[in-house]
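Trainee: I'd like to ask you about the structure that follows.
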Amino acid sequence: MTAAAGLYPLGNASTAELRAAGCPPREFPSGMAPQPVPCELRRDLRRAAEEYSQRVGGGVRGGMRLYAKAAVLCATAAVLYLSLLLYVSSWTFAVPILVLLGICLAGIAFNVSHDASHGSFCRSRFGNRLLALTFDLLGASSYCWYRKHNVKHHGYTNIEGEDEDIQVGLVGRLSPYARARKFHRYQHIYLWPLYGLLAFKWHLYDDYRDLMKRGMIGRVRVSRPTGREMVLLVGGKLAFLGVWFALPATQRPIGAVLIAYLVVAFVLGLVLSLVFQLAHCVEETKFSQSISTESPFPLGWEAHQIEATANFACQCRWLTWFVGGLNHQIEHHLFPRVSHVHYPGLAPLVEEACRRHGVRYSVNESLWAALGSHYLFLRRLGREGVLL
Ligand SMILES: [Zn+2]
């Protein structure tokens, strides 16, 4: 393995991280797992990473650029929160500020919580773990997020029954292998506002359900939280209740606090859902059936990740800044432990490697094109009653 391959690790969580998360890595389909086909694509992706590394002088973290962005987002959220708490008393001013606060919190989730959870925000493992706790302040347990996002979603992207990001229950059909129901034919109309319920689902249901469960993620057994993890988890829930409800209730009537919560959580859920949907649930991406076979990734793990993912609006600098590089989702899925500030630089090299190996590298050129593709995807899947 070259130096750059070590600097730019392909694949998901490291062995140590998986062990720490209670997920034995033996059978985890990371980029380092044995593959049924000779993976020349992996070799070329490593070469691409090496070439990029030499060009920028090494390093996989975001450095000052990322720290400055995080500081701007956190300071903006604090100013908006305090102004609502102490100064703004008219709903005419409060509603736009609440919407801005929801957008700002989504920016923190993308740029700080998500990166830290992947271990890519800063050099220090402790620092990343500490910053991943910002998920708890947003109401989503960082403990559950790691298992659902880093292990399930990144390990088994767009695989029916494994990737929770494509499971929305009865209400919608986000995979051609999910059961179709008659009312899904209208999902391209009614699902959009329902995306705003994501944060409520975290707050009221998901984390508690996940904690009750003990079982398998794909072919990996997941253990229940240990004592220290449980303390952090409960502490995170109490901190969330304190920041979102208890502290505001000391300054404002409880009815106003509840309305404010509904607005902020709806905007937060809507923005987060849309960004994740535009990367995986569009006309250009591939889906697979539940993994039960010996080789769940017949073309190799990297090719699976690339074809199950699409980039969007890569030239749009403000969007790339705000969504923490998640519009370069292909590079994120290949190099999740590399800071997102490097994705635009890695993208042309990854695209070239894909072209050489005949792997489809999908990009929607603009945000509108991606939204249109998601609309057509929802409409097509809602109308199809049979497997593709
Ligand atoms: Zn991720």
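The values are calculated or read from the model by the stated rules, or taken from the named source; none is laboratory data. Not measured: the values here are computed from a predicted model. Neighbour counts are summed over all protein chains in view; Cβ atoms, including those assigned to glycine, are modelled from backbone coordinates with ideal geometry.
Trainee: Please go through (1) more than 23 Å from residue 129 (Cα to Cα); (2) assigned to a helix (DSSP H, G or I); (3) not basic (Lys, Arg) for residue 231 and return the number of the only condition it doesn't satisfy.
Mentor: Here residue 231 clears every test but (1).
Trainee: Which of (1) within 16 Å of the ligand (Cβ to nearest atom); (2) in a helix (DSSP H, G or I); (3) crowded, with 20+ Cβ neighbours inside 10 Å does residue 324 not meet, given it meets every other one?
Mentor: The single condition residue 324 does not satisfy is (2).
Trainee: Right, something else. Being part of a helix (DSSP H, G or I), within 11 Å of the ligand (Cβ to nearest atom) and under 27 Å from residue 264 (Cα atoms) is the filter here; which residues of region 117-166 pass it?
Mentor: Selection gives 117, 145, 146, 148, 149, 150, 153, 165.
Trainee: Just for region 58-78: of the residues that are surrounded by 14 or more Cβ atoms within 10 Å (Cβ to Cβ) and over 15 Å from residue 113 (Cα atoms), which one is modelled with the highest pLDDT?
Mentor: 76
Trainee: If residue 345 satisfies all but one of (1) under 24 Å from residue 53 (Cα atoms); (2) surrounded by fewer than 19 Cβ atoms within 10 Å (Cβ to Cβ); (3) without any contact (Cβ under 8 Å) to a residue 40 or more places away in the chain, what's the number of the condition it fails?
Mentor: (3)
Trainee: Let me ask something else. Determine whether residue 99 is among the β-branched types (Val, Ile, Thr) and either without any contact (Cβ under 8 Å) to a residue 12 or more places away in the chain or within 13 Å of the ligand (Cβ to nearest atom) (or both).
Mentor: Against the criterion (among the β-branched types (Val, Ile, Thr) and either without any contact (Cβ under 8 Å) to a residue 12 or more places away in the chain or within 13 Å of the ligand (Cβ to nearest atom) (or both)), residue 99 does not qualify.
Trainee: Within the bounds of region 34-42, is there any residue that is modelled with pLDDT under 90, surrounded by 19 or more Cβ atoms within 10 Å (Cβ to Cβ) and part of a helix (DSSP H, G or I)?
Mentor: yes
Trainee: Would you call residue 169 more than 15 Å from the ligand (Cβ to nearest atom) and without any contact (Cβ under 8 Å) to a residue 24 or more places away in the chain?
Mentor: Yes: the conditions hold for residue 169.
Trainee: Here are some conditions: (1) in contact with a Lys or Arg (Cβ under 8 Å, 6 or more places away or on another chain); (2) assigned to a loop (DSSP other than H, G, I, E, B); (3) away from the ligand (no atom under 11 Å from the Cβ). Residue 111 meets all but one. Which one does it not meet?
Mentor: (2)
Trainee: Taking interchain pairs and intrachain pairs at least six residues apart, which have beta carbon atoms under 9 angstrom, with the first residue in region 102-125 and within 18 Å of residue 342 (Cα to Cα) and free of Cβ contacts under 8 Å to residues at least 40 places away in the same chain and the second in a helix (DSSP H, G or I) and within 11 Å of the ligand (Cβ to nearest atom)?
Mentor: Note: pairs meeting the criteria are 113/145; 117/145; 117/146; 117/149; 117/150.
Trainee: Pull out all pairs, ordered by first then second residue, where Cβ-Cβ is under 9 Å, the residues are six or more apart or on different chains, the first lies in region 290-304 and is more than 30 Å from residue 49 (Cα to Cα), and the second is at pLDDT 75 or above and in a loop (DSSP other than H, G, I, E, B).
Mentor: That search, which allows pairs on different chains as well, returns 290/160; 290/161; 290/162; 290/177.
Trainee: Pull out all pairs, ordered by first then second residue, where Cβ-Cβ is under 7 Å, the residues are six or more apart or on different chains, the first lies in region 141-162 and is over 21 Å from residue 225 (Cβ atoms), and the second is within 10 Å of the ligand (Cβ to nearest atom).
Mentor: Final answer for the pair search is 157/333.
Trainee: If you don't mind, another one. Applying the selection to region 315-339, what residues are more than 22 Å from residue 153 (Cα to Cα) and either in contact with a Gly (Cβ under 7 Å, 6 or more places away or on another chain) or in contact (Cβ under 8 Å) with a residue 40 or more places away in the chain (or both)?
Mentor: Within region 315-339, 315, 316, 319, 321 meet the criteria.
Trainee: Being touching a helix residue (DSSP H, G or I) at 6+ places or on another chain (Cβ under 6 Å), within 16 Å of the ligand (Cβ to nearest atom) and β-branched (Val, Ile, Thr): is that true of residue 359 here?
Mentor: The answer is no for residue 359.
Trainee: If we scan region 306-321, do we find a residue that is closer than 15 Å to residue 115 by Cβ, within 16 Å of the ligand (Cβ to nearest atom) and either out of contact with any helix residue (DSSP H, G or I) (no Cβ under 6 Å at 6 or more places or on another chain) or not in a helix (DSSP H, G or I) (or both)?
Mentor: yes
Trainee: Those residues that are in a helix (DSSP H, G or I), in contact with a strand residue (DSSP E or B) (Cβ under 7 Å, 6 or more places away or on another chain) and either of a type in the set (S, T, N, Q) or surrounded by fewer than 14 Cβ atoms within 10 Å (Cβ to Cβ) (or both), I need them from region 356-387; list them, please.
Mentor: Of everything in region 356-387, just one residue is in a helix (DSSP H, G or I), in contact with a strand residue (DSSP E or B) (Cβ under 7 Å, 6 or more places away or on another chain) and either of a type in the set (S, T, N, Q) or surrounded by fewer than 14 Cβ atoms within 10 Å (Cβ to Cβ) (or both), namely 373.
Trainee: Okay, moving on. With the condition kept exactly as written, say whether any residue in region 338-349 is within 13 Å of the ligand (Cβ to nearest atom) and either on the phi > 0 side of the Ramachandran plot or part of a helix (DSSP H, G or I) (or both).
Mentor: The answer is yes; a qualifying residue exists.
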